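Step one of this worksheet: look at the structure below.
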Amino acid sequence: MNANMLAVIINSTIRSTTPVLLAALGSAICSRVGVFNIALEGQILIGSFVAIVANYFTGNVYIAVLCGVLAGVAVASLVAVLQVKYQAADMVIGTSVNLLVGGLTSVLLNTILGVKGSFSSPELKALPKINIPVIRDIPFVGRVLEQLTFIDYLSYLLAVLMFVYLFKTVQGFHVQSVGKNKEAAGSLGVKTLRIQILAVLVSGALCGLGGSVLCMGQVTLFTENMSSGRGYIAMASSNMGQTHPLFIILSSLFFGFCQALGVSLQNVIPSQLTLAIPYIATIIALSIFGSRTLKKKLRSK
C-alpha cells in the first residue's frame, strides 16, 4: 500500500466517522444521566430527511443543517416525554420511534418530493468543503484532510467540549450524579427530571447534525433507511468508549475505518460482503469488550 492510498483510506475513515461519533456522543450523554435511548437511529434518519427537504426548497445548506438538527430534537422530545417523563419501557419506545420514523420518511419522501426509494437533484447543495491553504499543500497531510466539511471538524470539538463539561464543571458533575444515583441527586436539590430531558434533547440535536452530514457530506441525496444501522453502531461505540467523550472518538474512528475499508474493498470482493464489514466488526468488538469487562468484574469480587 503506497502513501497516497493510505491517505485516501484515512480521509475516508474521518468522513465515515462523523455521523457515528456525533450519535455516539448523544448516546453517551443519555447514558450519563441514566437514560437508555435506542431511538438514535430514528433521530439520525429524520435529520437526514428534513435536511435534504430543507436543502431542496431553500437552497441553503446552513438552513438545511439547522432544520436537520431541529428535526432530531423533535423526535428526541417524543422520547423524552414518553420514556423519561412517563417512564414508559425504553425498548418499546425506542423501537417504536425507529420504526415510526422509518415509515414516516418513506411516506413523506413520496408525498413531498414525489419519488420513491431515493431522491437526488442538481438543485441540492453539498456542504462546503474546508481545505486549509497551508496544510493542503503538504503531500500526505493535505490528502488526509482533503474535502472535509465544517461538521467533520466540529464533531471532534464537540467531543472535547463534552469532556470538559462533564468532568471539569460543577454542572457536569450534577449531570453525572443523576445517572449514578437519581434519588440521592434529587435529595440534594438537583433537578433530575429536567437534566434527563435536556440530555435526551441534546442527543437528538447531535443525531440530527450527524444525519445532516450523512446526506450532504460525502453524497448529496436521501435514500430510504439511509442511517443503515448507524444509530446502533453509535450505541456500540459509546459502550466501547465507556461513555467517555475522548474514548468515544477512538471507538468511533474504529467503526469509521471498518466502513472505509468496506468501501475500498468493493472492487475486490462482492459488495454484499463489504457492506457487512461494519456490522461484523461491531459484533466482534462488543464480544471482546464484553468478555474483558466481565473478567474484570469477576476478578474484583
Net length gained if the chain between residue 131 and residue 112 were fully extended (0.36 nm per residue, minus Cα distance): 3.3 nm
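Classify segment 119-212 as rounded, prolate or oblate from the Cα gyration tensor: take a ≥ b ≥ c as the square roots of its eigenvalues, call it rounded if a/c is under 1.5, otherwise prolate when a/b beats b/c and oblate if not.
Oblate is the answer for segment 119-212, as a/c is 1.5 or above yet b/c matches or exceeds a/b.
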statement: Length gained if residue 147 through residue 87 is fully extended, taking 0.36 nm per residue and subtracting the Cα-Cα distance, is 17.2 nm
query: How many lysine pairs in the chain, separated by 8 or more positions in sequence or lying on different chains, have Cα atoms less than 23 Å apart?
result: 13
query: What helices does the chain have that are whole DSSP H segments, at least 18 Å long along their own axis by Cα, and with mean Kyte-Doolittle hydropathy of 0.0 or more?
result: 3-32, 40-58, 61-79, 90-113, 150-168, 192-216, 245-264, 271-300
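Which trypsin sites (Lys or Arg not before Pro) does segment 152-248 hold that lie in a coil by DSSP with at most 13 other beta carbons within 10 Å?
191
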task: Sum -39500 (n - 2.57) across every DSSP H segment of at least 4 residues in the chain, then divide by the residue count to get the 222 nm mean residue ellipticity, nearest 500.
output: -25000 deg cm²/dmol
message: At a threshold of 8 angstrom on Cα-Cα distance, excluding pairs fewer than six apart, so keeping six or more, what relative contact order does the chain reach in percent?
response: 36
- prompt: Given a Förster distance of 45 angstrom, what is the FRET efficiency for residue 269 paired with residue 194, based on the Cβ-Cβ distance and rounded to 0.05?
  reply: 0.35
statement: Summed over the other residues with a beta carbon less than 10 angstrom from that of residue 148, with K and R at +1 and D and E at -1, the charge totals 0
- request: Please work out the C-alpha center-to-center distance from segment 151-210 to segment 218-250 and express it in whole Å.
  value: 18
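By average Cβ neighbour count within 10 Å, what is the ranking of 41-50, 237-246, 210-219 from highest down?
Values: 41-50: 31.5, 237-246: 21.5, 210-219: 26.0.
Order by mean packing, descending: 41-50, 210-219, 237-246.
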- prompt: Excluding residue 223 itself, what net charge comes from residues whose Cβ is under 15 Å from its Cβ, given Lys and Arg +1 and Asp and Glu -1?
  reply: 0
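Take every Cα pair under 8 Å in segment 190-301 that's 6+ residues apart, average their separations, divide by the length, and report that relative contact order as a whole percent.
Taking the mean separation of contacting Cα pairs over the length of segment 190-301, I get 16 percent.
Where a number appears in this text, it was derived from the coordinates with a stated rule and is not lab data. Keep in mind that what you see is a predicted model, and the values were worked out from it rather than measured. Note: ideal-geometry Cβ built from the backbone for every residue, glycine included; neighbour counts use all protein chains shown.
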